[in-house]
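Before any comments, here is the structure.
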Amino acid sequence: MEVDRMLGSAIHPHLRYRDESVPKTSCRSMAGPLPASSILAMRSSLSEPQSEKRMFILGMGFVGQFLSYKLQCQGWTVSGTCTSHMKKKKLEDRGFHIYHLDALEPELSILDHMKHYTHLLVSIPPIAGIGDPMLQHERLLRSSLVNGNLRWLCYLSSTSVYGDCGGELVDEDYPPNPTSELAKLRLASEEGWSNLAHYLGISPYIFRLGGIYGPGRSAIETIIKQDPLSEAQKRRKYRKYTSRVHVEDICQAIMAAANSLSLGKVYNIVDEDPAPREQVSEYARKLVENKWPGLITQQAEEIEWSNVTSNKRGEKRVCNARMKEQLGVQLAYPDYTTGLQSILDKMEAPYVQS
Ligand SMILES: NC(=O)c1ccc[n+]([C@@H]2O[C@H](COP(=O)([O-])OP(=O)(O)OC[C@H]3O[C@@H](n4cnc5c(N)ncnc54)[C@H](OP(=O)(O)O)[C@@H]3O)[C@@H](O)[C@H]2O)c1
């Protein structure tokens, strides 16, 4: 898809994605930058209470950008935030309406704009030693948003809040038991955003996401770039189960919730197959070697297999039944094989520039 190509190459300039199927419906992001007059018109229309669907995305990261394209193509008005002026400019050039935001020191004028939106997606993670940066200003948020148009709020959380459950199948009623500092802060963020939503008379959606992958961020790119493993990736090596989800399916779930009349609640957003990390990595390596023989020069990760197998921690298998039954999500990528294959299929060439 066009979205994959634009985002994939935007996030990783060394990778090129095939421009294979430009959507037939036009949408603003495909048409290039908004003219200044349109931005002004949009700003002024945002101050008027209308029934139009308007999404404000706190944190235009990987998920935020994918979602914006999808929503804009469906006629939503979308605005979002990022932390750097350079990224703001890049996103504006691609047709997004962007605010520069440091969540630890938010400008009042941004909070003032937020209240004109009908939907709010929170995609900013907690900060170690601090907690949720936006919720440091909870009183200000409450007073800014209380008389606004907001009627839907979704907080993007993580399955890490469940902690290590000894390999059990974990649904949304399973008591969270976070162990790491960040997972504990994540749970506190869930509570904080839920409290804010309830104060505003909104029933919040809490989406507990598995490891996110998609074009531009997957085991395929890791193999091609031959980067060393990150600390989080190393930790996941020792897990028997690792839940993950393709970014397209996250967007699907968010859009189902945003269009739904049902009350918000906690949802696990994961695919069907919590396969161990090295299995996924091995599969990605084979896919790349088949498509571009000789490209990978690095040896497969050297793992003490006997130790890993005997020491593997159960963690958890995260259940996605509620997402499918109540949001009606039919996963486009039910497991890593379908997800990785589609990412590879859309890649034209592994390197186009040095
Ligand atoms: N990656 C995973 O596998 C995974 C798994 C479960 C849950 N999650 C969580 O799900 C959410 C969406 O994931 P993602 O991969 O889309 O995240 P992402 O790409 O890291 O995007 C995070 C966004 O938050 C913004 N941000 C970070 N710190 C900020 C601050 N102090 N002030 C203002 N903005 C700030 C970033 O700004 P910039 O755009 O300027 O960088 C970015 O737009 C995140 O909360 C993430 O932690 C991720």
Quick check on the stretch 79-95. Is at least one of its residues modelled with pLDDT under 95 and closer than 19 Å to HIS116 by Cα?
no
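Of everything in the stretch 115-127, what is hydrophobic (A, V, I, L, M, F, W, C) and within 13 Å of the ligand (Cβ to nearest atom)? Give them in sequence order.
If the condition is that a residue be hydrophobic (A, V, I, L, M, F, W, C) and within 13 Å of the ligand (Cβ to nearest atom), then LEU121, VAL122, ILE124, ILE127 are the ones that fit.
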Take ASP173 and decide whether it is in a loop (DSSP other than H, G, I, E, B) and away from the ligand (no atom under 16 Å from the Cβ).
yes
If I go through the stretch 128-166 residue by residue, how many of them are within 14 Å of the ligand (Cβ to nearest atom) and surrounded by fewer than 19 Cβ atoms within 10 Å (Cβ to Cβ)?
6
Only residues in the stretch 179-191 that are over 18 Å from GLU315 (Cβ atoms) count as the first member; pair them with residues that are among the polar types (S, T, N, Q) and surrounded by 16 or more Cβ atoms within 10 Å (Cβ to Cβ), Cβ under 6 angstrom, at least 6 apart or cross-chain, and list the lot.
GLU190/SER157
Restricting the stretch 75-88 to residues that are of a type outside the set (Val, Ile, Thr) and within 27 Å of GLN136 (Cα to Cα), the residue that is nearest to the ligand (Cβ to nearest atom)
CYS82
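Per-residue answers, yes or no, for (1) at pLDDT 90 or above; (2) within 17 Å of TYR162 (Cα to Cα):
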| residue | (1), (2) |
| --- | --- |
| ILE220 | yes, no |
| ASP227 | no, no |
| ARG235 | no, yes |
| ARG239 | no, yes |
| THR242 | yes, yes |
| HIS246 | yes, no |
| ILE250 | yes, no |
Restricting attention to the stretch 59-74, and to residues there that are within 13 Å of the ligand (Cβ to nearest atom) and of a type in the set (A, V, I, L, M, F, W, C), which single residue is farthest from PRO215 (Cα to Cα)?
MET60
Yes/no for ILE98 being within 15 Å of the ligand (Cβ to nearest atom), surrounded by fewer than 13 Cβ atoms within 10 Å (Cβ to Cβ), on the phi < 0 side of the Ramachandran plot and β-branched (Val, Ile, Thr)
no
Is it the case, given these coordinates, that LEU331 is surrounded by 13 or more Cβ atoms within 10 Å (Cβ to Cβ) and modelled with pLDDT of 95 or more?
yes
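The values are calculated or read from the model by the stated rules, or taken from the named source; none is laboratory data. Since this is a predicted model, take the numbers as computed values, not measurements. Cβ sites come from the backbone with ideal geometry, for glycine too, and all protein chains shown count toward neighbours.
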